[in-house]
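Comments concern the structure below.
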Amino acid sequence: MKRLGVNIDHIATLRNARGELHPDPVFAAKFVKNSGADSITIHLREDRRHINDLDAKKICSIKNVLVNLEISTNSQIVKKAIQFKPDFICIVPENRKEITTEGGLNLNKNKNKLKKIINKLKKKKIRTSLFINPSLNDVKTSIELKTNCIEIHTGKLANLVKSKKKFNKELKRIKKCSIYASNNNLEVHAGHGLDYKTTRYLSRINEIEEFNIGHFLIGESIFEGLPKVIKRFRNIIKKK
Ligand code: PXP
């Protein structure tokens, strides 16, 4: 059964716009779980532009809510993440000037650093994922690094679908990487830029076990409400 992870960073963005306490990401994490999400994703960025340390600490300690904490390879952030004891960690690239995570990790450049972090997290029994581009070389490196999971960056596919351009080549690339990873015992996740349409295409790839969806899902909830949007995504990922 495919799982749905909901990224609630944008609830913190809205709260921070006023510098007050509402809407509360901790309440949101419980609400999203009760609305049918399998896990909650939060990104503790180095610039703390949305989720802050206290949010992360509180959200990671909520009982019966599986938390996927996204972090960069920054040693201070890794240290904090381990203290917060999330269920899962996804390592992502981070660049101060970016609006959002623009691509997957540069695995070759960060191989040694990543290896050390993965070993550390494994010792703490935290499921570890690497956010990578849909490249067979990166899947091979991920296998070498002995991560538990990979999350494939779906931003390019999502952009092609949204702009009504040809997307079959990119979809095939994602499928090929997913099959190769799964055959080599890596759990495959997908995320970035996903709306209903792109998620529907990706849900046909059997090997993808988890979708992590944020911006569109939260944006659409302004009109439809979180429970309805979460239910719709659940139905999409359930179907083939
Ligand atoms: N997965 C990862 C690893 C991400 O970094 C992000 C963006 O923060 C997402 C999923 C969610 O992307 P979006 O907000 O575009 O749905």
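The values are calculated or read from the model by the stated rules, or taken from the named source; none is laboratory data. No experiment lies behind these values; they were computed from the predicted model shown. As a convention, Cβ positions derive from the backbone with ideal geometry for all residues, glycine included, and neighbour counts pool all protein chains shown.
Kindly establish whether E70 is within 14 Å of the ligand (Cβ to nearest atom), assigned to a loop (DSSP other than H, G, I, E, B) and within 30 Å of N137 (Cβ to Cβ).
So E70 does not fit the description; no.
Condition first: in contact (Cβ under 8 Å) with a residue 12 or more places away in the chain and in contact with a Gly (Cβ under 9 Å, 6 or more places away or on another chain). Can you find one or more residues in segment 167-187 that meet it?
Checking segment 167-187: not a single residue is in contact (Cβ under 8 Å) with a residue 12 or more places away in the chain and in contact with a Gly (Cβ under 9 Å, 6 or more places away or on another chain).
If we keep just the residues of segment 97-141 that are among the aliphatic types (A, V, I, L, M) and surrounded by fewer than 14 Cβ atoms within 10 Å (Cβ to Cβ), which is farthest from Q83 (Cα to Cα)?
Only one residue fits best here, namely L136.
Filter segment 172-186 for residues that are aliphatic (A, V, I, L, M) and touching a strand residue (DSSP E or B) at 6+ places or on another chain (Cβ under 6 Å); which is nearest to T147 (Cα to Cα)?
Ranking the candidates gives L186 first.
So which residues in segment 215-238 are within 13 Å of the ligand (Cβ to nearest atom) and not aliphatic (A, V, I, L, M)?
H215, F216, G219, E220, S221, F233, listed by residue number.
Provide a single number: the residues in segment 196-214 that are touching a His at 6+ places or on another chain (Cβ under 9 Å), within 13 Å of the ligand (Cβ to nearest atom) and not hydrophobic (A, V, I, L, M, F, W, C).
Count: 3.
Here are some conditions: (1) within 26 Å of K120 (Cα to Cα); (2) in contact (Cβ under 8 Å) with a residue 24 or more places away in the chain; (3) more than 16 Å from the ligand (Cβ to nearest atom). K79 meets all but one. Which one does it not meet?
(2)
Tell me which residues, restricted to segment 161-177, are hydrophobic (A, V, I, L, M, F, W, C) and either at pLDDT below 95 or in a helix (DSSP H, G or I) (or both).
Answer for segment 161-177, where residues must be hydrophobic (A, V, I, L, M, F, W, C) and either at pLDDT below 95 or in a helix (DSSP H, G or I) (or both): V161, L171, I174, C177.
Just to be sure I understand, how many residues within segment 124-160 are in contact (Cβ under 8 Å) with a residue 24 or more places away in the chain, within 13 Å of the ligand (Cβ to nearest atom) and not in a loop (DSSP other than H, G, I, E, B)?
14
Name the single residue that is farthest from V161 (Cα to Cα) among those in segment 201-240 being charged (D, E, K, R), part of a loop (DSSP other than H, G, I, E, B) and touching a helix residue (DSSP H, G or I) at 6+ places or on another chain (Cβ under 9 Å).
E207
Could you tell me which numbered condition R45 fails, if it satisfies all but one of (1) crowded, with 18+ Cβ neighbours inside 10 Å; (2) closer than 30 Å to I205 by Cα; (3) among the charged types (D, E, K, R)?
Result: R45 fails condition (2) only.
Every residue, every condition in (1) touching a helix residue (DSSP H, G or I) at 6+ places or on another chain (Cβ under 6 Å); (2) in contact (Cβ under 8 Å) with a residue 40 or more places away in the chain, yes or no:
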residue: R3; (1), (2): no, yes
residue: D9; (1), (2): no, yes
residue: E20; (1), (2): no, no
residue: K33; (1), (2): no, no
residue: I51; (1), (2): yes, yes
residue: D55; (1), (2): yes, yes
residue: S61; (1), (2): no, no
residue: I71; (1), (2): yes, no
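Confirm whether I174 is touching a His at 6+ places or on another chain (Cβ under 8 Å) and within 22 Å of D195 (Cα to Cα).
no
Just checking, how many residues over segment 15-55 are polar (S, T, N, Q), assigned to a loop (DSSP other than H, G, I, E, B) and within 15 Å of the ligand (Cβ to nearest atom)?
Number of matching residues: 0.
Taking the residues in segment 157-182 that are polar (S, T, N, Q) and more than 20 Å from M1 (Cβ to Cβ) as candidates, determine which candidate is surrounded by the fewest Cβ atoms within 10 Å (Cβ to Cβ).
Checked segment 157-182; the qualifying residue surrounded by the fewest Cβ atoms within 10 Å (Cβ to Cβ) is S163.
With respect to H153, determine if the residue is of a type outside the set (S, T, Y) and on the phi > 0 side of the Ramachandran plot.
Criteria not met by H153.
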